[in-house]
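The values are calculated or read from the model by the stated rules, or taken from the named source; none is laboratory data. What you see is a predicted model; the values in this text were computed from it and never measured. With ideal geometry, Cβ positions are generated from the backbone for all residues, glycine too; neighbour counts draw on all protein chains shown.
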Amino acid sequence: MSSIAISGIKTRTGAMDRSDSLRPLALAAPLLLLLAFSFGAPIVLLLSRAVYEPTIANTLPHTIAALGTDSAAGVPAEPVFHAFAEDMKAAQAAGAIYEFAKTLNTRLPGARSQVLRVARLAGQDAAVTKEAMIKAAPLLGEDQGWAAIRSGTNRLTSFFLLSAFDLRWTDQGTIGAVPAGQAVFTRVFGRTFLIATLVTLATLALAFPLAYVMTNVRPLIAGIVLVLVLLPFWTSILVRTAAWTVILQKYGLLNDLLLWLGVTSDRLELMYSRTGLIIAMTHIQLPFTLLPIYSVMRAVNTSQLRAAQSLGARPLTVFRRVYLPQVMPGVLAGCLLTFILCLGYYITPVLIGGASDQLISNFIANYVNVELNWEMAAALSFVLLASTLGLYVTMTRYLGLDLFKMG
Amino acid sequence: MVSTGQSSSLREALAESAHSATGQQGTAAGGKTGAAATSKPAAGREKGKPADAKFVEFIDVEKTYGNFHAVRRLNLSIGRGEFLTFLGPSGSGKTTTLNMLAGFERPSQGVITLDGKSVDRLPPYDRNIGMVFQNYALFPHMSVADNVAFPLSVRKVSKADIGPRVTRALEMVRLERFKDRKPTQLSGGQQQRVALARALVYQPSLVLMDEPLGALDKKLREHMQIELKQIHEMLGVTIVYVTHDQSEALTMSDRVAIFENGAIVQIGTPDGLYNEPATAFVASFIGENNALDGIVERVDGDQCLVTLPTGLRTTAMAIGDIRPGAPVQLAVRPERIAGGGDHSDNRFLATVDGRIYHGDHQRLLARLPSGQVLTVKISPDATMATGEAIDLGWRTADCRAFPAGVAPDGITANTGSVS
């Protein structure tokens, strides 16, 4: 008690005491440690896999040494093939061959089975020739096969990040587009941003008038409306999404209602469609857009609006020049929140969206869960995180919105 | 009552700047109130001719919310250039009346005219009335200068004119140094002066003020009262002022309208209200007052004889419907009770109950034999000990008897022994 009082006096009378500024930090230390270990470190480790990929280099120590003396580009000479066979044999023995085959396959589609075949060959015949190896694995006789191996010997790689933008290093050493058939991610990113934009606009169109009404009705009614808006907010997103499948499916409630009302003559395909996805996401995101807008609207003093009118401003002018500038920070905060959350949607597109409505998160999940391609998952996550941070910085820097002040 | 024709440099400055923007100003004000403007030429006011006594008129105006009568049968005329204050306790209908004049509320019944023309269908933004609010209602996202420029820019005044007019308006409230600040960077008093400049910059002929000084501390409030009064005299603008602070009303107003339960119970000059209150409510609401209950014994013209509970008797002025045998409430101002001078028509013996020092005067608490305690204003030098017997008295003209129990509109009056 007394020490607090004394230190309080010290800060007021003397110079800034260092321990005083550190004390709040010490109180937050357990949380900061938890965040660092459970949140910061995994993210850094995962994201680092987008640019750090050591499997190929670890599997091919002899090949790398042999390639070092063989400076020519393209398919190397016999000694390198010998070294490669040795590496394959070692990998086979160590059980690392499948990992290597899978990793090479991500850079060189079709390489997986050929690598396994060569490894088997090298295991049976210690003196396997270049010719026999090329016969078993035709890619080893091609320039692009060895280009992939050479680039793989470098543990740091830009391959996955470029792939996230549908780009690659060409044989000429420049950055170019991947073949049209393999280009996926720019389209998926574009779709993700488009759906996030549409959902954000839809929530804004619903939330703005609702927030305005809530600030202008009796507190009791405003409270009831708030509970109704927040009620879904308190249930799991999985439950809400499942509820929407009940409503949106072909023989579901919405189609029944539309038919009964005579709005449509046929049952609409709302499930597994973009319309259904946007409807469900809009509903789920509504509170995120609404609450920041509601909080700033409540802070606007209604006497200002009266004052503006008495000063000669027509209602539209009052809205444009007095009301809107004051609620704009809340509108931007709400929209930014919803937009960023929409970029990371996963469950709802899986359950309600169709095959062509899968967002970037679904691809990341696929790489993690199905393809076991952590590098690609990390690269896509990195792009998503970077664009989110970029958006936030733009908003705070150029639109003067400070989310930390909003709270 | 009205202070017109007081020429001053500031007034000329504001008028001069308005002249250059007459085109726009004219359509805003003159266009809406054109009919009256032709019968009473604008030039007439400027030369200080007798003011139009019915610049604003309320005719049988009522406002009800469901079963609740916020304002009942209000009839009121406000003269051009007048400073009129609506004074009353909260919930007495004064703010509702002001809001009806501003256009924020519509009368349930009756007509309000402004410059001879009904404003019934006129929205607030077409009335060309300035308004100042208790919480300042400045726009927080605009600078001080932008706030003051707002009414000019919505009137499409040219940019070249706005600058000088804003500067002059801010000079009038001595805030030109702060024009680039945001309102939140100013003190309460400064903010209210900005609001005042904003309400005056477009030269409305009528300015409404809804408890504008209510949020300020006492010293600042008194300072602002003087400033407001000076601005009123300089500009000759009509001001309708709402307050529940009776000293504020007495300090500034040409006339004060006392509101009680949605009706005006008395309207008059500050000294008229103070010296000749028409009801017990007005007597107790304006200034300090000693209230005594009694029974009328005899009525003699405009005077009556009243018996107090213990048999003491006093003569008093009979106000309203006073009949022998009826209960009355007596009202005597503390400063009208004299310490036993020969001039007193009524004399009593009392004992000193206490003495409160106020600097420029003292308040003596004097207990009558009946047990009632009177407050008496005495000289700051008087030295009376508690328990000491004193001789008190008042003149008949200084004691007013009102019908007790029921106020004129059927509401029970305040019957505290000392207010």
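If you check A:Thr157 against the conditions, is it touching a residue at least 40 places away in the same chain (Cβ under 8 Å) and touching a Ser or Thr at 6+ places or on another chain (Cβ under 6 Å)?
On the way: touching a residue at least 40 places away in the same chain (Cβ under 8 Å): yes; touching a Ser or Thr at 6+ places or on another chain (Cβ under 6 Å): no.
Spelling it out, it is not the case that A:Thr157 is touching a residue at least 40 places away in the same chain (Cβ under 8 Å) and touching a Ser or Thr at 6+ places or on another chain (Cβ under 6 Å).
B:Lys229 is checked against (1) surrounded by fewer than 19 Cβ atoms within 10 Å (Cβ to Cβ); (2) assigned to a helix (DSSP H, G or I); (3) outside the structural domain of B:Phe83 (by TED's automatic domain parsing) and fails just one. What number does that condition carry?
(3)
For segment B:288-300, what are the residues that are touching a residue at least 12 places away in the same chain (Cβ under 8 Å) and either touching a Cys at 6+ places or on another chain (Cβ under 7 Å) or over 26 Å from B:Leu365 (Cβ atoms) (or both)? Let's see the steps before the verdict.
Narrowing segment B:288-300 to residues touching a residue at least 12 places away in the same chain (Cβ under 8 Å): B:288-299.
Of everything in segment B:288-300, those that are touching a residue at least 12 places away in the same chain (Cβ under 8 Å) and either touching a Cys at 6+ places or on another chain (Cβ under 7 Å) or over 26 Å from B:Leu365 (Cβ atoms) (or both) turn out to be B:Val296, B:Glu297, B:Arg298, B:Val299.
Select the strands (runs of 3 or more DSSP E) contained entirely in segment B:302-388, then report the ones holding at least 2 residues which are more than 23 Å from B:Ala278 (Cβ to Cβ) and charged (D, E, K, R). Even if it seems obvious, please write down each step before you answer.
Values: elements: B:303-307, B:313-318, B:327-332, B:346-357, B:362-367, B:373-378.
Fully inside segment B:302-388 and qualifying: B:346-357, B:362-367.
Quick check, is A:Gly334 outside any helix (DSSP H, G or I) and either at pLDDT 90 or above or within 30 Å of B:Met142 (Cα to Cα) (or both)?
Working: outside any helix (DSSP H, G or I): no; either at pLDDT 90 or above or within 30 Å of B:Met142 (Cα to Cα) (or both): yes.
Considered against the rule, which asks whether it is outside any helix (DSSP H, G or I) and either at pLDDT 90 or above or within 30 Å of B:Met142 (Cα to Cα) (or both), A:Gly334 comes out as no.
Go through (1) modelled with pLDDT of 90 or more; (2) more than 30 Å from A:Glu53 (Cβ to Cβ); (3) more than 14 Å from chain B (Cβ to nearest Cβ); (4) in contact with a Phe, Trp or Tyr (Cβ under 8 Å, 6 or more places away or on another chain) for A:Ala379 and report which single condition fails.
(2)
If a residue has to be more than 35 Å from the chain's Cα centre (by Cα) and either assigned to a loop (DSSP other than H, G, I, E, B) or in contact (Cβ under 8 Å) with a residue 12 or more places away in the chain (or both) to count, how many in segment A:94-113 make the cut? Can you show your working first?
Let us first name the residues in segment A:94-113 that are more than 35 Å from the chain's Cα centre (by Cα), namely A:94.
Checking which are either assigned to a loop (DSSP other than H, G, I, E, B) or in contact (Cβ under 8 Å) with a residue 12 or more places away in the chain (or both) leaves us with none.
Here the count works out to 0.
Yes or no, residue by residue, for (1) more than 23 Å from B:Tyr202 (Cβ to Cβ); (2) free of Cβ contacts under 8 Å to residues at least 60 places away in the same chain:
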{"site": "B:Ala70", "(1), (2)": "yes, no"}
{"site": "B:Arg73", "(1), (2)": "yes, no"}
{"site": "B:Gly103", "(1), (2)": "no, yes"}
{"site": "B:Gln109", "(1), (2)": "yes, yes"}
{"site": "B:Met142", "(1), (2)": "no, yes"}
{"site": "B:Asn147", "(1), (2)": "no, yes"}
{"site": "B:Lys159", "(1), (2)": "no, yes"}
{"site": "B:Ile162", "(1), (2)": "no, yes"}
{"site": "B:Ala169", "(1), (2)": "no, no"}
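Could we say that A:Leu210 is more than 27 Å from the chain's Cα centre (by Cα), buried (at least 16 other Cβ atoms within 10 Å of the Cβ) and in a helix (DSSP H, G or I) here?
Numbers: more than 27 Å from the chain's Cα centre (by Cα): yes; buried (at least 16 other Cβ atoms within 10 Å of the Cβ): yes; in a helix (DSSP H, G or I): yes.
Against the criterion (more than 27 Å from the chain's Cα centre (by Cα), buried (at least 16 other Cβ atoms within 10 Å of the Cβ) and in a helix (DSSP H, G or I)), A:Leu210 qualifies.
How many residues, within segment B:249-274, are part of a helix (DSSP H, G or I) and free of Cβ contacts under 8 Å to residues at least 60 places away in the same chain? Let's see the steps before the verdict.
Our first condition is that a residue be part of a helix (DSSP H, G or I); within segment B:249-274, this holds for B:249-252, B:270-274.
Pick out the ones that are also free of Cβ contacts under 8 Å to residues at least 60 places away in the same chain and you get B:250-251, B:270-274.
Here the count works out to 7.
Among the candidates B:Ala149, B:Ala137, B:Ala169, which residue alone is assigned to a loop (DSSP other than H, G, I, E, B), within 14 Å of chain A (Cβ to nearest Cβ), surrounded by 20 or more Cβ atoms within 10 Å (Cβ to Cβ) and touching a Lys or Arg at 6+ places or on another chain (Cβ under 9 Å)? Let's see the steps before the verdict.
Values: B:Ala149 fails: assigned to a loop (DSSP other than H, G, I, E, B); B:Ala169 fails: assigned to a loop (DSSP other than H, G, I, E, B).
None of the others qualify; the one that does is B:Ala137.
Please verify whether A:Arg218 is assigned by TED's automatic domain parsing to the domain that holds A:Ile284, of a type in the set (D, E, K, R) and in contact (Cβ under 8 Å) with a residue 40 or more places away in the chain, treating the condition exactly as stated.
Taking the combined requirement at face value, the residue does not satisfy it.
Would you please name the residue that is nearest to the other protein chains (Cβ to nearest Cβ), looking only at residues in segment A:324-366 that are buried (at least 20 other Cβ atoms within 10 Å of the Cβ), of a type in the set (Ser, Thr, Tyr) and over 13 Å from the mean Cα position of the chain (by Cα)?
A:Thr338
From A:Leu316, A:Leu291, A:Leu277, grab the single residue that is more than 20 Å from B:Ala195 (Cα to Cα), more than 9 Å from chain B (Cβ to nearest Cβ) and either in a loop (DSSP other than H, G, I, E, B) or free of Cβ contacts under 8 Å to residues at least 24 places away in the same chain (or both).
Numbers: A:Leu291 fails: either in a loop (DSSP other than H, G, I, E, B) or free of Cβ contacts under 8 Å to residues at least 24 places away in the same chain (or both); A:Leu277 fails: either in a loop (DSSP other than H, G, I, E, B) or free of Cβ contacts under 8 Å to residues at least 24 places away in the same chain (or both).
Criteria check complete, one pass: A:Leu316.
So which residues in segment B:114-134 are under 25 Å from the mean Cα position of the chain (by Cα) and within 12 Å of chain A (Cβ to nearest Cβ), if there are any at all?
Matches in segment B:114-134: B:Pro124, B:Arg127, B:Asn128, B:Ile129, B:Gly130, B:Met131, B:Val132, B:Phe133, B:Gln134.
Pick from segment B:198-226 the residues that are touching a residue at least 40 places away in the same chain (Cβ under 8 Å) and surrounded by fewer than 19 Cβ atoms within 10 Å (Cβ to Cβ): which of them is nearest to B:Gln246 (Cα to Cα)?
Here the residue is B:Gly214.
Among the residues of segment A:162-177, is any in a helix (DSSP H, G or I), surrounded by 16 or more Cβ atoms within 10 Å (Cβ to Cβ) and of a type in the set (A, V, I, L, M, F, W, C)? Explain how you work it out, then say what you get.
Filtering segment A:162-177 for residues in a helix (DSSP H, G or I) gives A:162-164.
Now narrow it down to the ones that are surrounded by 16 or more Cβ atoms within 10 Å (Cβ to Cβ): A:162-164.
Next, only the ones that are of a type in the set (A, V, I, L, M, F, W, C) stay: A:162, A:164.
Yes, segment A:162-177 has at least one match.
Give me a count of the residues in segment A:140-157 that are touching a strand residue (DSSP E or B) at 6+ places or on another chain (Cβ under 8 Å), modelled with pLDDT of 85 or more and either assigned to a helix (DSSP H, G or I) or closer than 24 Å to A:Val75 by Cβ (or both). Give the steps one after another, and end with the answer.
Taking segment A:140-157 and keeping what is touching a strand residue (DSSP E or B) at 6+ places or on another chain (Cβ under 8 Å), we get A:151, A:155-157.
Filter again for modelled with pLDDT of 85 or more, leaving A:155-157.
Narrowing the set further to residues that are either assigned to a helix (DSSP H, G or I) or closer than 24 Å to A:Val75 by Cβ (or both) leaves A:155, A:157.
Residues in segment A:140-157 being touching a strand residue (DSSP E or B) at 6+ places or on another chain (Cβ under 8 Å), modelled with pLDDT of 85 or more and either assigned to a helix (DSSP H, G or I) or closer than 24 Å to A:Val75 by Cβ (or both): 2 in total.
Please work out if A:Arg267 is within 14 Å of chain B (Cβ to nearest Cβ) and surrounded by fewer than 18 Cβ atoms within 10 Å (Cβ to Cβ). Explain how you work it out, then say what you get.
Details: within 14 Å of chain B (Cβ to nearest Cβ): no; surrounded by fewer than 18 Cβ atoms within 10 Å (Cβ to Cβ): yes.
It is false that A:Arg267 is within 14 Å of chain B (Cβ to nearest Cβ) and surrounded by fewer than 18 Cβ atoms within 10 Å (Cβ to Cβ).
Hey, can you tell me all the residues within segment A:244-268 that are farther than 15 Å from A:Val350 by Cα and in contact with a Ser or Thr (Cβ under 9 Å, 6 or more places away or on another chain)?
Hits for segment A:244-268 are A:Gly252, A:Asn255, A:Leu258, A:Leu259, A:Leu268.
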